[in-house]
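Please read the structure below before turning to the comments.
The values are calculated or read from the model by the stated rules, or taken from the named source; none is laboratory data. Everything numeric in this text was worked out from a predicted model, so none of it was measured. So basically every Cβ, Gly included, is an ideal-geometry build from the backbone, and we count neighbours across all protein chains shown.
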Amino acid sequence: MIGGRMKLDSKIYVAGHRGLVGSAIHRKLKENGYTNIIARTYKELDLERQALVETFFQEQRPEYVFLAAAKVGGIWANSTFPAEFIYSNLMVQMNVIHSAYRTGVKKLLFLGSSCIYPKHCPQPMKEEYLLTGPLEPTNEPYAVAKIAGIKTCQSYNRQYGMNYISVMPTNLYGPNDNFDLETSHVLPALIRKFHLAKLAAKGDWEGIQKDETRYGPIPKDVRSAVGGLVTNQQSAIGNPRSVVLWGTGSPKREFLHVDDLADACVFLINHYDESDIINIGCGEDISIAELALLIKDVVGYTGNIEYDTKKPDGTPRKLLDVSKLMGLGWKPKTSLEEGITKTYEWYCRSVTS
């Protein structure tokens, strides 16, 4: 089944529209003039509940689906809650994909992740490297769930003639990211750590309290990592002179602003009809140490950076080969510095709003 290009009045369901990726896709669709977008919050529709998902699809009958709903997190979260990560993602994926098939959805776009590739994958990572080696242990359950989602889409295409495509985004960041310091990914975690350290250095306790109210308590180990900050104990902080980060700072990562990802997803749902997965990234990477220096500069923190080398680094390098996507005529528009600046500005607004 070939779905063709979406029309401006096509009925489009964005699953996970409040998350980092889903909200960006929702914004992009509106910006591009699409007028018939449907979405449901978790309270309105729990995608882990098969019966509820089936009823929703039967009643709403969307023509196109962006499957951006997922349980995501950084190294700590993946290591601490592996059962939750594999169960939640498998259930959501299977319920949405199967209900899309049963109700005749024209086209579905499944959001995977670059963590599907082997830990010691040749760089840059080509789409055909999937399942050629062991995964990174710290996020294996999440990666296995995403691989299952890919194979499910491919299987439904082969057996039922569906048009389900799977895209593999690189590390993402931007508005509506997760800034919880226990479960966030590296870039938003760094933004918040440097921001807190800057506030602490200025003695802005009111600002720190507003930050905690918006983005959750500051974990004990993070308090010490931003100069000894302890909530409601102003004397414990003094003048924080350094921020402590996990690992050595040597791993290299590729980062894509989520608005660019959303643009790529809308482009691909209109121009790509293959079962083979396709990478989405910018084709450039940066070390965590270089990233930290860039974020430090954007935030305006003037202290030092230290590294806790007893903590894990994760995968040594993750750079996607995006030649397939670029060959279709798509390119990202947002530089890393510009994207981080926009994200930090959004973060500051979100704390005070």
Notebook entry, point to check: Out of the range 271-310, which residues are of a type in the set (A, V, I, L, M, F, W, C) and at pLDDT below 95?
Noted result: I305
Checklist line | Boolean, G22 is modelled with pLDDT of 95 or more and closer than 18 Å to L111 by Cα | finding: yes
Next item on the list: Within the range 136-168, track down each residue that is in contact with a strand residue (DSSP E or B) (Cβ under 6 Å, 6 or more places away or on another chain) and not in a helix (DSSP H, G or I).
Entry: N163, Y164, I165, S166, V167, M168
Check: What's the number of the condition V186 fails, among (1) under 21 Å from E254 (Cβ atoms); (2) at pLDDT 95 or above?
Finding: (2)
Margin query: I need the full set of residues from the range 41-66 which are charged (D, E, K, R) and touching a strand residue (DSSP E or B) at 6+ places or on another chain (Cβ under 8 Å), in order please.
Written below: E63
Check: Across the range 300-328, what is the number of residues that are part of a loop (DSSP other than H, G, I, E, B) and touching a residue at least 40 places away in the same chain (Cβ under 8 Å)?
Finding: 15
Margin query: So, in the range 94-116, how many residues would count as being at pLDDT 95 or above and in contact with an Asp or Glu (Cβ under 9 Å, 6 or more places away or on another chain)?
Written below: 9
Notebook entry, point to check: Could you count how many residues in the range 54-107 are among the aliphatic types (A, V, I, L, M) and more than 24 Å from T35 (Cα to Cα)?
Noted result: 10
Next item on the list: Please state which one of L256, L245, L261, L294 is under 18 Å from G174 (Cα atoms) and part of a strand (DSSP E or B).
Entry: L256
Check: Would you pick out the residues in the range 175-195 that are within 16 Å of W246 (Cβ to Cβ) and assigned to a helix (DSSP H, G or I)?
Finding: V186, L187, P188, A189, L190, I191, R192, K193, F194
Next item on the list: Pairs only if they're at least six apart or on different chains, beta carbon under 7 angstrom, first in the range 8-26 and more than 14 Å from L67 (Cβ to Cβ) and in contact (Cβ under 8 Å) with a residue 24 or more places away in the chain, second β-branched (V, I, T) and assigned to a loop (DSSP other than H, G, I, E, B); list them, first residue then second.
Entry: L8/T35; D9/T35; R18/T41
Notebook entry, point to check: Going through the range 94-116 one residue at a time, which ones are in a helix (DSSP H, G or I) and either within 16 Å of S275 (Cβ to Cβ) or of a type in the set (K, R) (or both)?
Noted result: I97, A100, Y101, R102, I116
Check: If you take the residues in the range 329-349 that are among the charged types (D, E, K, R) and assigned to a helix (DSSP H, G or I), which one is nearest to G133 (Cα to Cα)?
Finding: E337
Item checked: Of all residues in the range 1-33 being surrounded by 20 or more Cβ atoms within 10 Å (Cβ to Cβ) and assigned to a loop (DSSP other than H, G, I, E, B), the one that is farthest from the chain's Cα centre (by Cα) -> M6
Checklist line | Flag if L108 is touching a strand residue (DSSP E or B) at 6+ places or on another chain (Cβ under 6 Å) and more than 19 Å from L172 (Cβ to Cβ) | finding: yes
Next item on the list: Find the residue count for the range 277-325, including only residues that are exposed (fewer than 15 other Cβ atoms within 10 Å of the Cβ), hydrophobic (A, V, I, L, M, F, W, C) and farther than 24 Å from I75 by Cβ.
Entry: 0
